[in-house]
Amino acid sequence: MKALSCLAAIALTLVCGRALAAEDDAPNNKPVKVVADARLSVGGQGTLPLYLSSDWSMPLPAISRAIIVLHGRLRNADEYYISAHTAQVAAGDDGKSALMIVPQYLAEVDIEAHKLPADTLRWSLVGWEGGDAALAPNPVSSFEALDAILAKLSDRRIFPNLKQVVVAGHSGGGQVVQRYAIAGKGEAALSRQHIDIRYVVANPSSYAYFSKERPVPAIAASCAGYDNWKYGMDGRPPYLADVAPAALEQRYVDRDVIYLLGTLDTKPAADKSCMGEAQGPSRYARGHAYADAMAKRNQGTPNHRVWDVAGVGHDGDKMLTSKCGLAALFDSPGCGAER
């Protein structure tokens with residue numbers, strides 16, 4: 001593994017943060033520019049590309065924290081790896097003992113363009129966001145890929161001193177994190193090794209609701225399927241279809257979740273489907289509406305926190321490197337934006 005040596009090559013293709021600031025929620029049918037250079041077998045049923053800041057084929061006793069950062073619909077893991085590294089450097093001493101991981105969910109167009117091996121996992125353009133099965137080489141849920149990463153991190157032969165794992169995502173990646181915090185099964189492997197896990201959901205366009213109520217009920221009333229997964233609990237994919245919504249909600253409520261919401265992310269949200277519009281007008285409004293709705297449910301959300309990131313709009317780099325972003329990822333001090 002070349003660790004961070006690939007950063008120089010990646011940096012030649014972008015100005016760091018620019019692409020993340022322009023994250024597009026429209027499906028991306030163009031091949032990605034760069035494919036991640038590391039590989040992970042997912043249950044022997046396919047291979048997932050990913051970036052790693054350290055070679056995890058050998059023991060890493062200096063690592064006490066692992067941070068998984070998820071890309072959005074552009075599948076631009078290279079740019080998110082740059083952003084993850086920027087945040088790690090900004091965290092100073094808090095970031096030195098961290099392993100940064102950026103998985104890449106590819107589509108068929110990427111496999112063809114880069115002539116990748118047949119065992120490389122690939123999903124539909126948007127299906128991976130909600131846990132759908134891969135199109136090839138086997139029907140592996142995109143959530144199973146995250147399970148495989150968490151299983152790797154639970155290996156005490158490689159990570160004897162790992163104490164915490166953070167799963168974070170901005171925009172489209174934030175959508176994935178919020179759904180995986182509901183559905184994910186990989187936490188069990190970490191819990192057996194007494195490793196804590198946190199989910200950081202930053203500026204997504206939508207959320208998965210547990211009730212049929214929505215912030216804009218008039219739109220919901222005229223929207224067929226507004227409560228279908230990934231917006232609600234109906235029509236859940238096989239990965240989580242066998243778990244009752246009440247059990248999924250209990251799992252979600254029990255987990256450590258931080259919602260990071262940019263106070264300037266107030267333009268109309270990119271998800272303009274009626275399912276999305278029923279959740280509110282902007283990402284900032286949708287985030288607070290969802291957190292408020294969950295807090296008012298029977299169980300409440302004592303393990304969930306909502307942090308406003310003042311003066312930041314829809315910009316992944318600025319969200320992750322803000323004081324609240326660094327607090328969410330690395331437990332760095334200085335956030336103070338909880339509401």
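Tabulated data for the structure shown
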{"read-out": "Approximate spin-label separation His194-Arg157, in nm, with each point projected 7 Å along Cα-to-Cβ", "value": "2.2 nm"}
{"read-out": "Largest-first ellipsoid semi-axes for segment 83-231, taking √(5λ) over the Cα gyration tensor eigenvalues, angstrom", "value": "28, 22, 16"}
{"read-out": "Contact order relative to length of the chain, as percent, for alpha carbon pairs under 8 angstrom and 6 or more apart", "value": "17 percent"}
{"read-out": "Binned Cα-Cα distances of the chain, short to long, each 20 Å bin given as a whole percent", "value": "33, 62, 5"}
{"read-out": "Computed label-point distance, nm, for sites Lys96 and Leu125 using a 7 Å Cα→Cβ extension", "value": "4.6 nm"}
{"read-out": "Residues of type aspartates and glutamates that Lys115 reaches as a straight line, Cα spacing below 20 Å, ignoring anything fewer than 8 places off in the same chain", "value": "Asp37, Asp78"}
{"read-out": "Order by protection proxy (mean Cβ within 10 Å, highest first), peptides 53-59, 145-151", "value": "145-151, 53-59"}
{"read-out": "Packing-based ranking, highest mean first, of 318-325, 83-90 given that Cβ atoms within 10 Å are counted", "value": "318-325, 83-90"}
{"read-out": "Residues whose placed amide H lies under 5 Å from that of Val312, excluding near-sequence neighbours", "value": "Thr263, Leu264"}
{"read-out": "Segment 117-184: C-alpha gyration tensor shape, a/c 1.5 cut-off, then a/b vs b/c", "value": "oblate"}
{"read-out": "Val166 long-range amide H proximity, modeled H, under 5 Å", "value": "Ala66, Ile67, Ile68, Arg198"}
{"read-out": "Residue-by-residue Karplus 3J(HN,Hα) for segment 227-238, coefficients 6.51, -1.76, 1.60, Hz, glycine and proline x", "value": "9, 6, 4, 9, 9, x, 9, 7, x, 5, x, x"}
{"read-out": "Under 29 Å from the Cα of Lys272 - lysines, other chains or at least 8 residues apart", "value": "Lys30, Lys33, Lys212, Lys230, Lys296, Lys318"}
{"read-out": "Antiparallel DSSP beta bridges within the chain, as percent of all bridges there, nearest 5", "value": "25 percent"}
{"read-out": "Residue-normalised accessible area of segment 75-129, expressed per residue, 1.4 Å probe, Å²", "value": "32 Å²"}
{"read-out": "Per principal axis, descending, Cα span of segment 221-332 in whole Å", "value": "39, 31, 26"}
{"read-out": "Percent of beta bridges antiparallel (DSSP, segment 203-329, rounded to nearest 5)", "value": "10 percent"}
{"read-out": "Cα→Cβ-extended label distance, 7 Å offset, between Gln45 and Lys212, nm", "value": "3.2 nm"}
{"read-out": "Derived scalar couplings ³J(HN,Hα) [segment 316-322; Karplus, 6.51 cos²θ - 1.76 cosθ + 1.60; whole Hz; x for Gly, Pro]", "value": "x, 4, 5, 5, 6, 9, 5"}
{"read-out": "Table column - 3J(HN,Hα) (Hz), segment 188-205, Karplus curve with 6.51, -1.76, 1.60, x for Gly and Pro", "value": "4, 5, 5, 4, 4, 9, 6, 9, 6, 9, 10, 10, 10, 10, 10, 6, x, 7"}
{"read-out": "Solvent-free Debye scattering, log10 I(q)/I(0), computed from the Cα coordinates of segment 269-339 at q = 0.20, 0.25 Å⁻¹", "value": "-0.96, -1.14"}
{"read-out": "Share of carbon and sulfur in the accessible heavy-atom surface of the chain [1.4 Å probe, %]", "value": "55 percent"}
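The values are calculated or read from the model by the stated rules, or taken from the named source; none is laboratory data. Computed from a predicted structure; not experimentally measured. Reconstructed Cβ throughout: ideal geometry from the backbone, glycine too, with neighbour counts over all protein chains shown. The protein model used for the area step is the full one, side chains on, heavy atoms only, and it has no ligands, DNA or RNA in it. Shrake-Rupley method; radii C 1.70, N 1.55, O 1.52, S 1.80 Å.
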